[in-house]
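Note sheet for the following structure.
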Amino acid sequence: MIVAVHPVMRYAQGGGLSAERRAFREQIRLDAGETFAAGSDNTEVAKVLRVHVRSVQRWRLEWAERGEAGLVSKGPPSLPKLNDELFVKLEAVRWRWGRRRTSGLTSAGRSRGSGR
């Protein structure tokens, strides 16, 4: 049995979000800021924007302290820890480990000789 590694699998590098996703999420926060200015409460904002109330509470605190600037994306939380060369090596190790890990399993996913 060969275990395939998903081609778009991502590791926790750069927060795991693409620039497009960060921009999309930033726009949601800016939309929330507009509703704060209009006097909407947290529950209403969360329902309209389809986000968790706790997120809206955090955004409102940032908005109250810093205005719209508090809702703007600050970019990825950190720089990638792996360069492309190390990432390729990691994928190779993961693939070999996954293959070795599953090589003793039956088609039902049980270890040979498990008695089941």
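Quick one: would you say residue 45 is of a type in the set (Val, Ile, Thr), in contact with a Ser or Thr (Cβ under 9 Å, 6 or more places away or on another chain), at pLDDT 75 or above and in a helix (DSSP H, G or I)?
Judged against the criteria, residue 45 is a match.
Of the residues 93, 88, 72, which is in contact with a helix residue (DSSP H, G or I) (Cβ under 8 Å, 6 or more places away or on another chain) and modelled with pLDDT of 80 or more?
The conditions single out 72.
Being loosely packed, with under 14 Cβ neighbours inside 10 Å and either part of a helix (DSSP H, G or I) or under 24 Å from the mean Cα position of the chain (by Cα) (or both) is the filter here; which residues of region 32-42 pass it?
34, 37
Identify all residues within region 51-72 that are touching a residue at least 40 places away in the same chain (Cβ under 8 Å) and out of contact with any Lys or Arg (no Cβ under 7 Å at 6 or more places or on another chain); write none if there are none.
Scanning region 51-72 gives a single hit, 72.
Working only within region 32-45, note down all residues that are more than 10 Å from residue 59 (Cβ to Cβ) and of a type outside the set (Val, Ile, Thr).
Within region 32-45, 34, 37, 38, 39, 40, 41, 44 qualify.
The values are calculated or read from the model by the stated rules, or taken from the named source; none is laboratory data. From a predicted model like this one, the values you see are computed outputs, not experimental measurements. Please note: Cβ atoms are built from the backbone with ideal geometry, for glycine as well, and neighbour counts cover all protein chains shown.
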